[in-house]
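To start, the structure itself, in C-alpha cells.
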Amino acid sequence: VQLQASGGGLVQAGGSLRLSCAASLRTFTRYTMGWFRQAPGKEREFVAAHSWSVGRTYYVDSVKGRFTISRDNAKNTVYLQMNSLKPEDTAVYYCAANGDDYTYTVALKYDYWGQGTQVTVSS
C-alpha cells in the first residue's frame with residue numbers, strides 16, 4: 001500500500017494551497033482518510049479527517065473555516081484545500097488511512113502513511 005502526498009510549497013500568509021494524496025488502497029471507501037502535520041520540535045498533530053462510511057468530516061479547531069478535506073473515491077484520492085494560511089500552519093503535512101472510523105484524531109490508530117509534503121507560510 002502506498003500513499004503519495006503532493007501539493008506542498010511556499011506561500012505567503014493569506015494564500016492558499018491544495019494538498020493531494022493518492023492511495024493504492026483496494027477498498028478506499030472503507031478507510032477514514034486523515035491529514036496530520038508536524039512542525040519542527042513539535043508532536044504530530046491531527047488536522048482533518050474524512051470518513052466515507054460515517055459521512056462526516058472532522059477538523060482541529062485551529063483550521064475550522066479555513067481548511068476543507070474532500071475525497072474522490074473514483075481516483076482513490078483525498079484532498080486538503082487550505083485557505084487563509086497562517087505562518088503557524090507551517091509544517092510537514094502527512095496523509096494517512098485509518099481502518100477505524102472513530103479514532104480519527106489518534107495517529108497511532110492509522111494503518112498507512114504517506115511520505116509528507118512541506119508547507120511553508122511566510123509572514
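Readers should treat all values here as calculations from the given coordinates under stated rules, not as data from a laboratory. Small disclaimer: the values here were computed from a predicted structure and weren't measured. Cβ atoms come from the backbone with ideal geometry, glycine included; neighbour counts cover every protein chain shown.
Only one residue in THR29, THR77 is more than 14 Å from the chain's Cα centre (by Cα), of a type outside the set (Phe, Trp, Tyr) and closer than 22 Å to VAL1 by Cα. Which one?
The match here is THR29.
Considering only residues that are of a type outside the set (Phe, Trp, Tyr) and closer than 13 Å to LEU19 by Cβ, which ones fall in segment 51-76?
Hits for segment 51-76 are VAL63, THR68, ILE69, SER70, ARG71.
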Residue selected from segment 20-56 under the condition in contact (Cβ under 8 Å) with a residue 40 or more places away in the chain and among the β-branched types (Val, Ile, Thr), by the criterion farthest from VAL119 (Cα to Cα): VAL54
